[in-house]
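Working notes, beginning with the structure itself.
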Amino acid sequence: MSADFHGPERPIRFGWMRPWHPSPLLRPLDRVEAVLRLAVVAAVLCTLPLAWGLGAEVYAADAARIRVERETRTSVQATVVTEPVEVAPYTVRATVRWDESGRSGSAETSVPQTASAGDRITLWLDPANRPVLAPRSPDAASIGGIGTGLLVLFAAAGLGWLLVRAIALLFDRHRYAAWGAAWERSAPRRYRDPPAAV
């Protein structure tokens, strides 16, 4: 063997796995396994348009909701009128009062953890003059759409990988059983029987 031999290159090994390869060393079972692997890869690739479509749909829906939030919610400066009370971990509530730009009212709402009675805080109101969360950034729609698309792709790839592994294990069990049966038929008896106890 020459010193510069490094074994089969990866593209050559992958070439042997093609189901249409003319090699007589490829058994029918090997060809079936290769076809199933290609079918799984094709199915995973077919999820690309689905991931794109779902991501675009989530982006469009989120962008519309964010646009409505930004158009309908307004901020006012409110005064904390009662001492804040911790109602849950990292959640503090107090009564606040506001009177600004022709809008006035009071409500119990979440306030910053560092707030105390008499502090002024920024409060967001909906059209019905009720406290609401601040409108989300437009970037949140992009993040939601991209995240949804990637989640679909990763889920499809993970399922595809699990399916390929299950196929390989199933076919390997069949091969090992066939090799064991062939060994039983062809090996001399002295190699098949366990050694006698001494």
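Annotations for the structure displayed:
- If you filter the range 185-198 down to residues that are open to solvent by less than 100 Å² (accessible area, probe 1.4 Å) and part of a helix (DSSP H, G or I), you find that the one that is modelled with the lowest pLDDT is Arg192.
- When the strands (runs of 3 or more DSSP E) confined to the range 23-137 are screened for residues that are open to solvent by 60 Å² or more (accessible area, probe 1.4 Å) and of a type in the set (D, E, K, R), those reaching at least 2 such residues are found at 91-100.
- Residues of the range 148-177 satisfying the condition of being without any contact (Cβ under 8 Å) to a residue 24 or more places away in the chain and open to solvent by less than 90 Å² (accessible area, probe 1.4 Å): Ala155, Gly158, Ala166, Asp172, Ala177
The values are calculated or read from the model by the stated rules, or taken from the named source; none is laboratory data. All values derive from a computational prediction rather than experimental measurement. As a convention, Cβ positions derive from the backbone with ideal geometry for all residues, glycine included, and neighbour counts pool all protein chains shown. Areas reflect the complete protein model, heavy atoms only, side chains present, ligands, DNA and RNA absent. Shrake-Rupley method; radii C 1.70, N 1.55, O 1.52, S 1.80 Å.
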